[in-house]
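The values are calculated or read from the model by the stated rules, or taken from the named source; none is laboratory data. The model shown is predicted, which means the values in this text are computed figures rather than measured ones. Cβ placement follows ideal geometry from the backbone for every residue including glycine, while neighbour counts extend to all protein chains displayed. Please note that ligands, DNA and RNA were not included when accessible areas were found on the heavy atoms of the full protein model with its side chains. Shrake-Rupley method; radii C 1.70, N 1.55, O 1.52, S 1.80 Å.
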Amino acid sequence: MDWQAFWLTIRLAVLVAAILVVIGLPIAYWITYSRWRWKFLAEAVVALPIVLPPTVLGFYLLVALGPHSPLGRWWLQMTGHTLAFTFEGLVIGSIVYSLPFAVQPFAASFASVDHRLLSASATLGASRWRTFFRVILPLSVPGLVTGLALSFAHTMGEFGVVLMVGGNIPGVTRTVSIQIYDQVQAFQYAAANQTALLLLAISFVVLSTVYALNRRVWAVWPWK
Amino acid sequence: MAVEVEDRQGVLTAQIRKQFCSSGRAFELRADFAVPPGITILFGPSGAGKTTLLDCIAGLTRPDSGRIAVGNHVLFADGTGVPVQRRRIGYVFQDLALFPHLRVEENIRYGLAPLAAGERGQRTDSILESFRIAHLRARRPGEISSGERQRVALARALVTDPCLLLLDEPLAALDAATKSMIVEDLRAWNQLHRIPILYVTHSRDEVFALGENMLLLEEGKVVAQGTPHQVMTAPRRETVAQLAGFENIFTVQVVAAHEDRGTMTCRITGSKVELETPLVRAEVGSTLRVAIDAGDILLASVPPTGLSARNVIPGRVISLEQRDVIVVAKVDCGAEMAVHLTLAARDALHLQPGRDVWLVIKTHSCHLMAE
């Protein structure tokens with residue numbers, strides 16, 4: 001078992017999930033409450049990573065992160081190296097790739113908050129910020145947990161984008177799913193099985209935790 | 001400070017123009033009115049634009065044009081308005097909109113954020129006392145009764161010391177006893193604060209129980225204003241909205257007015273049937289319309305005696321038709337009337353076509369309208 005790849009993957013997934021909460025919340029808020037007529041276009045862009053082949057996404061990301069793009073050039077000037085085939089590049093790629101898995105549950109739970117509660121909050125003198133943090137966010141906890149867990153699990157298991165953007169550099173961009181691929185290529189079926197089982201177990205635990213936390217009817221809770 | 005006092009004792013003055021849709025029809029809200037301190041009833045059928053009007057005043061909806069002010073505190077003029085957050089208007093919504101995740105105390109403290117902690121606690125305690133909900137402070141809205149929730153919603157709106165209170169049918173779901181207790185507490189509160197309270201309802205009972213003053217809203221227009229007695233006894237223009245739900249509508253002629261008793265005698269045109277109805281301002285000999293709800297008519301199989309109801313009219317059953325769990329009886333008493341009964345009542349009275357019956361109608365079940 002190669003723990004280096006494992007911890008790298010955990011680090012990546014935690015970082016990406018955390019960043020996605022920070023940037024996903026305002027995007028979801030905007031998608032839910034904006035009255036801009038072309039909003040649907042933005043919604044479609046956010047959802048694109050769900051349907052695009054990872055190679056397509058990875059290709060464009062690679063181009064965008066490369067030294068010929070404005071972002072890549074800026075990064076090169078700032079740090080002295082390019083974004084592609086680095087851990088930072090991998091983080092950026094994963095954020096784009098997992099964005100809909102955070103934004104969509106967030107937006108869905110914002111939209112399910114009773115509109116009259118927001119009106120009540122406003123008539124009681126609360127600013128939009130206060131309404132968001134005191135009313136919308138607390139009532140959206142199930143969606144938050146779902147979005148956080150899905151973006152974590154989805155980042156843990158990504159393969160195509162990682163390979164395109166990060167390559168396969170041990171300790172830098174070599175994640176567990178890449179490792180499994182390598183092990184299979186090298187006919188190390190026992191090792192591949194071990195790693196795959198670990199990934200399966202983690203994903204299962206994460207998802208069942210989400211469903212358990214979001215459960216409303218506690219009457220059928222297993223140990224009670 | 002002087003401004004503050006003036007604000008609080010201000011009269012709400014509003015001229016509101018707003019296009020809105022209600023059940024697929026487009027209306028224009030054209031409401032010009034003034035609301036003095038004290039309770040004013042805003043009465044009108046559903047879809048008349050009552051909630052839209054309140055939303056305009058609260059700032060949740062932008063009027064197309066007009067002017068809204070409380071005292072000299074202008075809330076909306078020349079197409080621009082003070083943001084909702086800064087209007088200092090208490091609004092109790094029809095569904096109350098209590099924050100389900102916050103405790104009663106936290107709900108009430110919600111609007112006091114700008115105040116210092118000590119002041120906040122003091123005001124919260126005092127309003128919890130006035131509305132008799134101090135024992136509920138640690139509960140959540142889902143854990144208390146509907147009457148208690150109404151009290152919490154009122155307290156939450158009033159604790160912010162608003163310059164105007166808007167109530168959108170807040171007590172519609174309560175029994176009469178609970179309702180009158182809450183209203184008494186509201187009156188007691190307003191004895192001290194003297195702010196205008198606009199109370200929306202579509203229940204006639206509430207109009208007389210609560211109102212010192214009332215506005216009548218129909219299809220987006222304020223069509224009458226005054227004391228409930230003045231407004232409700234004036235014969236009104238017949239509108240589609242008013243007639244909706246009345247199964248029996250007849251043209252009647254005023255035969256006699258009994259000013260001392262507050263009633264009138266009217267004859268259904270083309271028949272000999274005379275009805276005792278509430279008194280309205282109408283000349284003897286003039287023509288009006290009377291509407292009677294089929295559910296407000298009693299059927300008797302023998303001539304009834306010793307009743308308080310003033311109208312007992314003999315007739316004969318023409319037909320009986322079952323609609324779900326209601327039986328619709330058509331009775332010929334000189335005019336044809338529809339009467340709703342239960343299945344059990346039909347069977348107990350052995351009703352069938354051709355049978356002689358007596359219709360019993362209370363005076364106040366006869367709703368008069370100008371033609």
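A few remarks follow.
- The residues listed here are B:Leu75, B:Leu102, B:Leu42, B:Leu54; of these, the one that is over 16 Å from B:Leu166 (Cα atoms) and hydrophobic (A, V, I, L, M, F, W, C) is B:Leu102.
Conditions tested, residue by residue: (1) more than 10 Å from every other protein chain (Cβ to nearest Cβ); (2) surrounded by fewer than 16 Cβ atoms within 10 Å (Cβ to Cβ); (3) not in a helix (DSSP H, G or I).
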| residue | (1), (2), (3) |
| --- | --- |
| A:Trp129 | yes, yes, no |
| A:Val135 | no, no, no |
| A:Gly143 | yes, no, no |
| A:Leu150 | yes, no, no |
| A:Ala153 | yes, no, no |
| A:Val162 | yes, no, no |
| A:Val165 | yes, no, no |
| A:Ile169 | yes, yes, yes |
| A:Gln183 | yes, no, no |
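- Residues being touching a strand residue (DSSP E or B) at 6+ places or on another chain (Cβ under 6 Å), open to solvent by less than 60 Å² (accessible area, probe 1.4 Å) and facing chain A (nearest Cβ under 8 Å) are entirely absent from segment B:100-115.
- Leading residue by the ranking (farthest from B:Glu218 (Cα to Cα)) among those in segment B:1-56 that are among the acidic types (Asp, Glu) and at pLDDT below 90: B:Glu4
- Tally, over segment B:90-99, of residues that are at the interface with chain A (Cβ under 7 Å from one of its Cβ atoms) and open to solvent by 20 Å² or more (accessible area, probe 1.4 Å): 1
- Residue within segment B:172-187 that is within 17 Å of the chain's Cα centre (by Cα), open to solvent by less than 20 Å² (accessible area, probe 1.4 Å) and within 14 Å of another protein chain (Cβ to nearest Cβ) present: no
- Exactly one residue among B:Asp161, B:Asp125 is surrounded by fewer than 17 Cβ atoms within 10 Å (Cβ to Cβ), over 18 Å from the mean Cα position of the chain (by Cα) and over 23 Å from B:Arg87 (Cβ atoms), and that residue is B:Asp125.
- Selected residue (criterion: most open to solvent (accessible area, probe 1.4 Å)) from residues of segment B:71-89 that are in contact (Cβ under 8 Å) with a residue 24 or more places away in the chain and at the interface with chain A (Cβ under 7 Å from one of its Cβ atoms): B:Val84
- Residue, farthest from the other protein chains (Cβ to nearest Cβ), within segment A:108-127, restricted to residues that are in contact (Cβ under 8 Å) with a residue 24 or more places away in the chain and surrounded by 20 or more Cβ atoms within 10 Å (Cβ to Cβ): A:Phe110
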